[in-house]
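The values are calculated or read from the model by the stated rules, or taken from the named source; none is laboratory data. Quick caveat, the model's predicted, so the values are computed rather than measured. Please note: Cβ atoms are built from the backbone with ideal geometry, for glycine as well, and neighbour counts cover all protein chains shown. For the accessible areas, the whole protein counts, side chains as well, though only heavy atoms, and no ligand, DNA or RNA atoms are used. Shrake-Rupley method; radii C 1.70, N 1.55, O 1.52, S 1.80 Å.
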Amino acid sequence: MFNNKELFKTSFQEQLVSRLGKSIEEATAGDIYKILGSLIREYVGRDWAETNRAYKVQQEKQVYYFSMEFLIGRLLGNNLLNLGMLETVREGLEELGWNLEEVEEQEPDAGLGNGGLGRLAACFMDSLASLQYAGHGCGIRYKYGLFEQKIIDGHQVELPDDWLQKGNVWEERRADKKIEVRFWGHVKVWEENGRTVFDTVDYERVWAVPYDVPVIGYGAGHVNTLRLWSAESAMDPAKMRVEGQNSYYKFLDYNRSVESISEFLYPDDSGYEGKLLRLKQQYFLCSAGLISVLRTFDKLKLPYGKLPEKVAIHINDTHPTLVIPELMRLLIDEKGCGWDEAWDITTRTVSYTNHTLLSEALEKWPVGMVRELLPRVYMIIEEINKRFCGMLLKGDPHSQDLVSRMAVIESGQVKMAHLAIVGSYSVNGVAGLHTELLKNDVMKPFYELYPERFNNKTNGITHRRWLMHANPELSRLISESIGTRWISHPHQLLRLERFKDDASFRERVMDIKRGNKLRLASYIKQKQGIAVDPDSIFDVQVKRLHGYKRQLMNILHVMFLYNEIKDHPSAERVPRTFIFGAKAAPGYYLAKSIIKLINVVADAVNKDAQVNGKLKVLFLENYSVSLAEKIIPAANVSEQISTAGKEASGTGNMKFMMNGALTIGTLDGANVEMHDMLGDDNMFLFGLRSEEVLDYYRYGGYLARDVYRQDSRIKRVMDQLVSSGSFCCHEQEFGLIYQSILDHNDEFFVLRDFAAYAKTHAAMERVYLDQGAWASKSIVNIAHAGHFSSDCTINRYASDIWGIRPVTL
Ligand code: 26W
């Protein structure tokens, strides 16, 4: 149906009538989206069932990727692309009077994640299915995704993201596969036939109901499953003994507490209640996910010793680490394994990816909380800890210090990263530098103990969403020039390099970029009423707002440029447009204040007639996957300016590179690998190296105040933060930012790197004047970006960590 335009048009209209009772003339864009989505969902049903059957019959090893975040974004366009139906449907709709892009805009953007970690999980899903691996996602179906950001009076305001309000055409609720998850209670222990039996009593039951979303692979007919769990009440009101009002209120309380488990992504965990809820969410995911994995395994009728041959469980950061004690619990208490056997199975099944070295992001749970909420699981964690510490002490009886540094339970807290390393067979970092720091700094004693477990898997992005879908014109040009093999073999993009000196190719690349810039400009005009010059340099920083990512350095530099223009109004300048997009965690006041600063500067700059035509600044609200797809193809410059050693990998950097933007960046995360391929000629590097940053942290020697005193450009912008003058609203507005730099000595070396940053910007501006040279660098970037396709990354996970092969259907 989808391969034949006329057939598509007829069936589409029939569906419109039979389901909604509307003719094509009466339908709204929302109706068109809904019907199209449901049609596709039904169409893939057969392939989905077929894929599952093949996995079962062939008894293939299956990977389950456990993640608290799946930032999948919109699915319509991508699904059509992967099914090879994009053009038929586009043309068919066109003939019916509808524009596909407009229909795509109707889909809510599934924001079930914060940033890179969640988006990586989504790219991995796409690659697993496209490369025909048996790999599934396991996550939570949050009723509300990451908050919707509104900018009001320059401030970030958070609104609930009610993405399920109009239903979700992609998901399939599978009530028959629901699972009971248990919280609280007490553990009874007794001996029976020479075995110790553990039984939890007086627990609270919660239903975990799976909603399955098909993950459609490119071209191959493979459809994997993203299983998202939703919490539902397990109390039957009919069976409730009527004990008057009391039991009624208990019932309401219970229902409320159950609903909250899958209500929000990252509820505020600054207080005890929030922390408890987050721990509940994590266990909910782990327990439901594991029980369902074991149910599938049980159908094979194999002994549990074979589990690691048939199942790989991967944990995306430490958030799902409870799979380790939970798998132990299931194997020991329910499947009759002894401790040693269960431990052997668990540590051959679970693998772990670390995504951050920032100490504040390494999860720890208070012992009392874990013991009360999950009494049996806590006993198992205690036993793991006891055995692990005992093993360390046996190796060296004087190693008490080492033991307290490495213990799983220490100072009344459960350290999840330690538990994750001790209980898994593979620990990987997400870029070369990050893995080295993991091994030789943050997790050094663990690396010394288990060197064979540690490995690197540099992140990647799916070129299907980030190039083919987001930038169709560039994709077409690539296919016209080197054929279409790059689609299944992204390394083939390297063949573009021979066009870097080809004048007409360069021109076409720049034309496509200009077209994308025009489209973004019209979006900006429509949203903010501001006109931006498509011939100015589009310089973009879009990512979570965080101190280490240094959006602050970027905006201080913009303030400096503004001062320059004001001081020398007649000097010739390359027109520049600075674009920001970022969400700040609701409780992160400094980050929110930086958002306000960007907006205040934008306001002052954009309404100043004197700089008009030379400088524009924009903060685009509600940065999300779908907005990223509009912004990234339009960028000339990609800002990747984190303090060296802090950004584990970054994946935005790869998306920009793939779309031909040139990077200005530090030697951090995957920028290092980009630089290895591109060299100094095709990328603009600046700033401290990670060893220098580490040295400063270790030995001191940096005083932000010295830089402030010595560099008049810096002094001026810093002072502008706290004096009512060109930018400021009132003097205290940006006091927090000012203090973080000058009173708390600039934790992220913003002032230390400022001069180098400004100098590199100036050099970059000069290169832009030579459009031919710029185009050539842009082409080299695109050519090398195939290296960062998540297909390559997933192939390495598959062979080095999971031990799986593609499955032929
Ligand atoms: C404590 C809970 C928590 C939850 C999420 C702490 C921190 C997070 C971050 C949002 C995790 C994250 O997104 N990390 C990013 O992961 C990407 C994929 O590996 C990397 O490219 C980024 O460098 C890293 O910051």
### Query
Accessible area, 1.4 Å probe, largest first: how do TRP184, TRP163 sort?
TRP184, TRP163
### Distance violations [Cα-Cα > 28 Å] among LYS5/LYS178; LYS188/LYS310; LYS275/LYS386; LYS280/LYS335
LYS5/LYS178; LYS188/LYS310
### Candidate residues HIS784, HIS434: accessible-area rank, largest first, probe 1.4 Å
HIS784, HIS434
### Query
By DSSP, what percent of the beta bridges with both residues in the chain are antiparallel, rounded to the nearest 5?
45
### Summary
Carbon and sulfur atoms account, in whole percent of the 1.4 Å probe accessible area of segment 666-809, for 49
### Query
So, with +1 on the Cβ of K and R and -1 on the Cβ of D and E, and no other charges, what is the size of the charge dipole of segment 212-302 about its Cα centre, to the nearest 20 debye?
400
### Summary
The set of residues whose placed amide H lies less than 5 Å from the amide H of GLY660, leaving out same-chain residues fewer than 5 positions away, is ILE782
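Rounded to the nearest 500 deg cm²/dmol, what is the calculated helix-only ellipticity per residue at 222 nm for the chain, with -39500 (n - 2.57) per DSSP H run of length n ≥ 4?
Details: 32 runs with 375 residues, N = 809.
About -14500 deg cm²/dmol.
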### Query
Considering the dipole of segment 136-238 built from charges on the beta carbon (Lys and Arg +1, Asp and Glu -1) around the Cα centre, which of ALA175, GLY145, HIS222 is farthest to its positive end?
HIS222
### Task
Hey, can you find the accessible area per residue of segment 161-248 for me, probe 1.4 Å, expressed in square angstrom?
56
## Note on the structure
Phi-derived 3J(HN,Hα) across segment 122-138 with the Karplus relation (6.51, -1.76, 1.60, θ = phi - 60°), rounded Hz, x for Gly and Pro, is 5, 4, 5, 4, 4, 5, 4, 5, 5, 8, 6, 8, 7, x, 10, x, 9
### Summary
Residues whose built amide H sits under 5 Å from the amide H of GLY135, excluding neighbours closer than 5 in sequence, are VAL63
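Once R0 is set to 41 Å, what does the formula 1/(1 + (r/R0)^6) return for the Cβ-Cβ distance between LYS275 and GLN400, expressed as a FRET efficiency to the nearest 0.05?
0.85
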## Note on the structure
Longest principal axis of the chain (C-alpha) makes with the long axis of helix 86-95 (C-alpha) an angle, in degrees to the nearest 10, of 70
### Query
Based on Cβ point charges of +1 for Lys and Arg and -1 for Asp and Glu, what charge dipole magnitude is obtained for the chain about its Cα centre, in debye rounded to the nearest 20?
760
### Message
Among SER424, LEU265, ALA470, which residue has its Cα furthest toward the positive end of the charge dipole of the chain, with +1 on Lys/Arg Cβ and -1 on Asp/Glu Cβ?
### Response
SER424
### Query
How much accessible surface area, in Å² rounded to 10, belongs to the heavy atoms of TRP190 with a 1.4 Å probe?
100
### Summary
For LYS61, the aspartates and glutamates lying under 16 Å Cα to Cα, once residues fewer than eight places off in the same chain are dropped, come out as ASP298, GLU309, ASP800
### Where labels lie 7 Å past Cα in the beta-carbon direction, separation of VAL574 and ILE24 in nm
4.8
### Query
Ignoring ligands, DNA and RNA, what percent of the 1.4 Å accessible area of segment 314-471 is carbon and sulfur?
50
### Query
So, with a 1.4 angstrom probe, what is the percent of accessible area on segment 140-216 that is carbon and sulfur?
47
### Query
If we sort 59-71, 621-633, 497-509 on the protection proxy, mean other Cβ atoms within 10 Å, highest first, what's the order?
59-71, 621-633, 497-509
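Percent antiparallel among DSSP beta bridges with both residues in segment 330-450, to the nearest 5? Each step should come with its number before you reach the end.
On the way: 5 of 8 bridges.
The answer is about 60 percent antiparallel.
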## Note on the structure
If amide H atoms are modeled at 1.01 Å from N in the peptide plane, then the residues at a separation of 5 or more from ILE537, or on another chain, having amide H under 5 Å from its own are ARG576, THR577
### Task
Rounded to the nearest 0.05, what FRET efficiency do PHE198 and ASN795 give with R0 = 51 Å and r taken as the Cβ-Cβ distance? Could you check?
0.75
### Probe 1.4 Å - accessible area at LEU667, Å² to nearest ten
40
### Query
What list of ³J(HN,Hα) values in whole Hz, one per residue of segment 640-650 in order, does the Karplus curve 6.51 cos²θ - 1.76 cosθ + 1.60 (θ = phi - 60°) give from phi, with Gly and Pro shown as x?
10, 10, 4, 4, 4, x, 9, 8, 3, 9, x
### Task
Note the per residue figure in Å³ for the convex hull of the C-alpha positions in segment 531-583.
88
#### Entry: Spatially proximal aspartates and glutamates relative to LYS439 (Cα-Cα < 13 Å; intrachain offsets below 8 disregarded)
GLU448, GLU452
### Average accessible area per residue (Å²) across segment 687-809 - probe 1.4 Å, nucleic acids and ligands excluded
45
### Message
Using the crude model of +1 on Lys and Arg Cβ and -1 on Asp and Glu Cβ, and no other charge, please compute the dipole size for segment 1-82 relative to its Cα centre, in debye to 20.
### Response
200
### Task
Rounded to whole Hz and in sequence order, give me ³J(HN,Hα) for segment 510-524 from the Karplus expression 6.51 cos²θ - 1.76 cosθ + 1.60, θ = phi - 60°, writing x for Gly and Pro.
5, 5, 5, 4, 4, x, 5, 5, 4, 4, 5, 4, 6, 4, 5
### Message
If DNA, RNA and ligands are ignored and the probe is 1.4 Å, what is the ranking of ARG752, ARG387, ARG278 by accessible area, most exposed first?
### Response
ARG387, ARG752, ARG278
### Message
Charges on Cβ only, +1 for Lys and Arg, -1 for Asp and Glu, centred on the Cα centroid of the chain; of ASN99, PHE454, ILE409, which one is farthest towards the dipole's positive end?
### Response
PHE454
### Query
So what's the gap between the Cα centers of segment 159-185 and segment 383-437, to the nearest angstrom?
35
## Note on the structure
Per residue, accessible area of segment 262-383 with a 1.4 Å probe, heavy atoms of protein chains only, in Å², comes to 33
